[in-house]
Protein chains: 2
Amino acid sequence: MPGVLLKLLLAGWLLWTATALAQEGFQVIPLGVAGGLEEDNLSAYLAGPLDRPVFVALDGGTLRVGVRRALAAGSVTLPTEEGGGEQIFLNKRIAAYLISHAHLDHVAGLVINATDDTPKPILATAGVWADLQNHLFNWRIWPNFADEGPPPRLAKYHQQILTPGQVISIADTGMTVEAWPLSHSHGYASTAFLLNYQGHYLLYCGDSGPDVVEKEGRLAALWQRIAPLIRENRLRGILIESAYPSDRPDHLLFGHLTPRHLLAELAVLGREVSLQGVQVIITHVKPGSDGLVAMQNRILAELQEGNSFGVNFHMARQGERLILAHQ
Amino acid sequence: MPGVLLKLLLAGWLLWTATALAQEGFQVIPLGVAGGLEEDNLSAYLAGPLDRPVFVALDGGTLRVGVRRALAAGSVTLPTEEGGGEQIFLNKRIAAYLISHAHLDHVAGLVINATDDTPKPILATAGVWADLQNHLFNWRIWPNFADEGPPPRLAKYHQQILTPGQVISIADTGMTVEAWPLSHSHGYASTAFLLNYQGHYLLYCGDSGPDVVEKEGRLAALWQRIAPLIRENRLRGILIESAYPSDRPDHLLFGHLTPRHLLAELAVLGREVSLQGVQVIITHVKPGSDGLVAMQNRILAELQEGNSFGVNFHMARQGERLILAHQ
C-alpha cells in the first residue's frame with residue numbers, strides 16, 4: 001500500500017510539474033488586428049500569464065467587439081462568479097491598459113468603453129498621455145475619465161507615466177513592463193512594451209517605421225535590449241507590425257513596416273543572436289482592396305519567403321488564443 | 001392605331017407619375033444606432049433622396065462596418081460601374097458628412113476611414129469644427145485631413161461651417177440643410193439638421209437632453225421651426241434619440257433623452273400641430289446589461305405606451321432601409 005501511494009504521489013507530482021512547465025509564459029488574445037479602416041477590428045491585444053486569469057490590454061482600438069468574438073471562439077471565458085457578457089470580462093479581466101501611441105485606431109475602443117469600465121490604470125509615456133489627456137479625455141471629445149487634466153476629473157483611469165527603460169510593476173498582474181521608444185514617421189513617437197512575468201518576456205511593438213527610413217535607430221536599440229533575452233531563452237514572443245506589402249514605396253510608408261523592411265530589421269537582430277524558433281506575431285495589416293484576409297495572407301507569404309532565420313511567423317487573427325510558452 | 005399609341009403613352013405616363021409620387025421623400029440607412037459601447041454600431045445615418053443614389057452621412061460613428069451590413073441586408077447596392085466592396089460605396093455614394101457634435105461615438109468611423117476616403121465636405125457648426133480640427137485632425141490623434149488647421153493640410157475634407165438657422169446647399173445632392181442648436185449637458189452644444197429635398201423635409205437630431213433639464217429651450221425653438229412643416233405635410237420624418245429608459249433619474253441623463261422626456265417634448269410640439277402619422281425614428285439607445293436589442297425593445301414599448309399623439313414610432317436598426325416618403 002505505501003508503495004502504491006508513493007507511485008500515485010509521484011505520478012501526480014510529475015503531472016503537476018508537466019502542467020506547470022507547459023504553463024510558463026503568456027497567452028495573447030488579439031481583440032483587433034487590422035491596420036485601420038475596420039471599426040470592429042482595430043489594434044488591441046490582451047496579454048497575460050498562462051497561469052492567472054488576468055490580462056493587460058496592449059493598445060485599445062477595439063475592445064468590446066473583440067472580447068465578444070474571443071468569447072464566441074472559446075478563446076476566453078467569463079468570470080464564473082458573475083453573469084453578463086463582454087462587459088463583465090472587460091471590467092474584471094483587464095487590469096490595465098498599455099497604450100503605445102494615441103492614434104485613434106489604437107485608442108478608440110478604450111475611449112468609447114470608458115463609460116462602463118471599472119477603475120484601472122492606463123500606462124503610457126508622458127507624450128502619449130499628453131495626447132490622450134489633451135485631445136480625448138478633455139470634455140470636448142469625451143468626458144475626462146482620467147485623474148489629471150480638465151475638471152471635473154472622473155478619475156476612473158489613473159494616469160501612470162512610463163519612463164523609457166524603467167521597469168514598472170503592473171498592479172494585480174504579477175507582470176512588469178519596460179517602455180521602449182519607437183519611431184512612427186516624422187518624429188511622432190510610438191512605444192514598444194517589454195512585459196516580464198517571472199522571468200518570461202513578451203515584446204509588443206506599437207506602430208513603427210524601419211530604422212533605415214526613420215533614421216532614429218529605435219529598433220536597433222530595442223534589438224540590443226532583447227538579444228540577451230533570446231540568448232537566455234527567456235523571450236516567449238514578439239508582436240510587431242507589417243502594415244503594407246513589400247512593394248510599398250518608402251515615401252508612402254507613413255511610419256510603418258513591410259515584410260521587406262521587417263526581414264531587414266530581423267537580420268540586424270539576427271547578427272546578435274540566433275532567431276531559430278523565435279515566435280513573431282504579425283500585427284496591423286492594412287486591408288487592401290481585396291479585404292484584410294487576402295492582404296494578411298500575402299504579407300505572411302512574403303515574410304515566409306524571406307525567412308532565413310528559422311523564425312516562426314504567425315499572422316494575428318481577431319479572437320484567437322495564442323500560447324507563447326517556454327519551449 | 002393612334003388610339004392604341006395614345007393609351008400606351010397615357011398608361012406609361014400614369015405609371016411614371018405613380019412611381020414618381022411614391023418616390024417623393026427620403027431613404028435613411030442607419031449605419032450605426034447604439035448610444036455608445038458597441039464599436040461596430042455607433043451613431044451614423046445615411047440620408048438621401050429616394051430618386052437619386054446619393055447620401056449624406058448624419059454623424060460618422062461607424063461607417064465601414066455599417067455599410068457592410070447594409071450591403072449584406074440588400075438595403076444599399078454598390079455602384080454597378082465599379083468593383084470592390086464597402087470602400088467603393090463610401091467613396092462614391094456619400095457626398096458629405098454632417099456632424100452634430102464631436103463626441104467620439106459620433107465621429108470615430110469618419111476619422112478612422114479618412115485615410116481611404118475621397119475628397120468631400122464636412123458640414124458642422126464652428127464649435128463642432130473647432131473640436132474636430134483641434135483634437136482629431138491635428139497630427140496627434142490623426143493626420144490633418146482637413147483644409148484648415150495644423151500643416152501639412154491634406155485637404156481631403158473641406159471645412160464647411162454651418163451657421164444656425166441658415167440654409168446651405170449640400171453639393172451634388174440636391175439637398176439643403178439648416179443647422180439648429182441642441183443642448184447636450186452643461187452647455188455642450190450638439191446640432192439638429194433639417195434637410196430639404198425639393199420641398200420634402202427630414203429632421204435629424206444629434207444627442208440632446210430635455211429642455212426641462214438643459215434649460216436652454218433648444219427643443220422648443222426647433223419645434224417652432226418644424227410645426228409649420230408638419231402642418232403643410234412636408235416633414236417626412238424625425239430622427240431623435242432616447243438613450244435611456246424612463247426610470248433614469250434626471251441627474252444621470254448626461255444630456256440625453258428618455259421615453260418619458262421625449263413624450264413630454266413631443267407634447268410641446270403637439271400643442272402647435274397634430275402629430276398624427278408623423279414618423280419618429282428612435283436613435284442612440286445605450287445598451288443595457290441585457291444588450292442593445294433588449295433595451296431598444298423596452299424603450300420602444302415605453303414610447304408606445306405613452307403615444308397619445310398617433311405618432312409612428314420606429315426603432316432604428318443597423319443596416320435596414322427606411323423609406324420616409326410622402327403619405
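The values are calculated or read from the model by the stated rules, or taken from the named source; none is laboratory data. Worth saying up front: this structure is predicted, and the values here are computed from it rather than measured. Cβ atoms come from the backbone with ideal geometry, glycine included; neighbour counts cover every protein chain shown.
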Considering only region A:163-191, state which residues are within 14 Å of chain B (Cβ to nearest Cβ), among the polar types (S, T, N, Q) and in a strand (DSSP E or B). A:Ser190
Quick check on my filter: what residues within region A:58-68 are outside any loop (DSSP other than H, G, I, E, B) and either crowded, with 24+ Cβ neighbours inside 10 Å or at the interface with chain B (Cβ under 8 Å from one of its Cβ atoms) (or both)? A:Leu58, A:Arg64, A:Val65, A:Gly66, A:Val67
Test set (1) of a type in the set (S, T, N, Q); (2) in contact (Cβ under 8 Å) with a residue 24 or more places away in the chain; (3) touching an Asp or Glu at 6+ places or on another chain (Cβ under 9 Å); (4) surrounded by fewer than 24 Cβ atoms within 10 Å (Cβ to Cβ) - A:Gln166 fails condition number: (2)
Evaluate region B:162-185: report whether one residue or more is farther than 30 Å from B:Arg231 by Cα, at pLDDT 95 or above and over 15 Å from the mean Cα position of the chain (by Cα). yes
Looking at region B:277-300, which of its residues are among the β-branched types (Val, Ile, Thr) and free of Cβ contacts under 8 Å to residues at least 12 places away in the same chain? B:Val293
Pull up region A:299-327, narrow it to residues that are out of contact with any Leu (no Cβ under 9 Å at 6 or more places or on another chain) and polar (S, T, N, Q), then point me to the one that is nearest to the other protein chains (Cβ to nearest Cβ). A:Gln304
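One line per residue, one yes/no per condition, for (1) within 14 Å of chain B (Cβ to nearest Cβ); (2) surrounded by fewer than 21 Cβ atoms within 10 Å (Cβ to Cβ); (3) out of contact with any Phe, Trp or Tyr (no Cβ under 7 Å at 6 or more places or on another chain):
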| residue | (1), (2), (3) |
| --- | --- |
| A:Leu222 | no, no, no |
| A:Pro245 | no, yes, yes |
| A:Thr258 | no, no, no |
| A:His261 | no, no, yes |
| A:Pro287 | yes, no, yes |
| A:Asn297 | no, yes, yes |
Within region B:83-117, restricting attention to residues that are more than 11 Å from chain A (Cβ to nearest Cβ) and either without any contact (Cβ under 8 Å) to a residue 12 or more places away in the chain or assigned to a loop (DSSP other than H, G, I, E, B) (or both), which residue is farthest from A:His284 (Cα to Cα)? B:Ser100
Leading residue by the ranking (nearest to B:Tyr244 (Cα to Cα)) among those in region B:279-310 that are in a loop (DSSP other than H, G, I, E, B) and in contact with a Gly (Cβ under 8 Å, 6 or more places away or on another chain): B:Lys286
What number of residues within region A:23-46 satisfy the criterion of being closer than 28 Å to B:Asp290 by Cβ and either assigned to a strand (DSSP E or B) or more than 14 Å from chain B (Cβ to nearest Cβ) (or both)? 7
Which residue is farthest from A:Val280 (Cα to Cα), if the candidates are limited to region A:302-323 and must be surrounded by fewer than 18 Cβ atoms within 10 Å (Cβ to Cβ) and among the polar types (S, T, N, Q)? A:Ser308
Quickly run through region A:71-82 and pick out the residues that are away from chain B (no Cβ under 14 Å) and crowded, with 16+ Cβ neighbours inside 10 Å. A:Ser75, A:Val76
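So that you can scan it fast, the table gives a plain yes or no per residue for (1) out of contact with any Lys or Arg (no Cβ under 9 Å at 6 or more places or on another chain); (2) within 23 Å of A:Ser100 (Cβ to Cβ):
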residue: A:Glu265; (1), (2): yes, yes
residue: A:Leu292; (1), (2): no, yes
residue: A:Ala301; (1), (2): yes, no
residue: A:Gly319; (1), (2): no, yes
Return yes when B:Leu194 is modelled with pLDDT of 95 or more, within 21 Å of B:Val167 (Cβ to Cβ) and part of a strand (DSSP E or B) and no when it is not. yes
Looking only at region B:263-278, filter to residues that are farther than 14 Å from B:Ser246 by Cβ and touching a helix residue (DSSP H, G or I) at 6+ places or on another chain (Cβ under 8 Å); which one of those is surrounded by the most Cβ atoms within 10 Å (Cβ to Cβ)? B:Val278
Go through region B:118-146 and give me each residue that's away from chain A (no Cβ under 13 Å) and surrounded by fewer than 18 Cβ atoms within 10 Å (Cβ to Cβ). B:Thr118, B:Pro119, B:Ala126
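Look through region A:291-327, keep the residues that are under 15 Å from the mean Cα position of the chain (by Cα) and of a type in the set (Lys, Arg), and return whichever of them is nearest to A:Asp51 (Cα to Cα).
First, pick out the residues of region A:291-327 that are under 15 Å from the mean Cα position of the chain (by Cα): A:314-324.
Remaining after also requiring of a type in the set (Lys, Arg): A:317, A:321.
Working: A:Arg317: 23, A:Arg321: 14 Å.
Among residues in region A:291-327 that are under 15 Å from the mean Cα position of the chain (by Cα) and of a type in the set (Lys, Arg), the one nearest to A:Asp51 (Cα to Cα) is A:Arg321.
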Please specify each residue of region A:75-91 satisfying the condition of being modelled with pLDDT under 95 and more than 23 Å from B:Ala34 (Cα to Cα). A:Thr77, A:Leu78, A:Pro79, A:Thr80, A:Glu81, A:Glu82
From the residues in region B:147-162 that are assigned to a loop (DSSP other than H, G, I, E, B) and more than 14 Å from chain A (Cβ to nearest Cβ), which one is surrounded by the fewest Cβ atoms within 10 Å (Cβ to Cβ)? B:Ala155
Inspect region A:47-57 for any residue being within 16 Å of the chain's Cα centre (by Cα), at the interface with chain B (Cβ under 9 Å from one of its Cβ atoms) and of a type in the set (Val, Ile, Thr) and give the result as yes or no. no
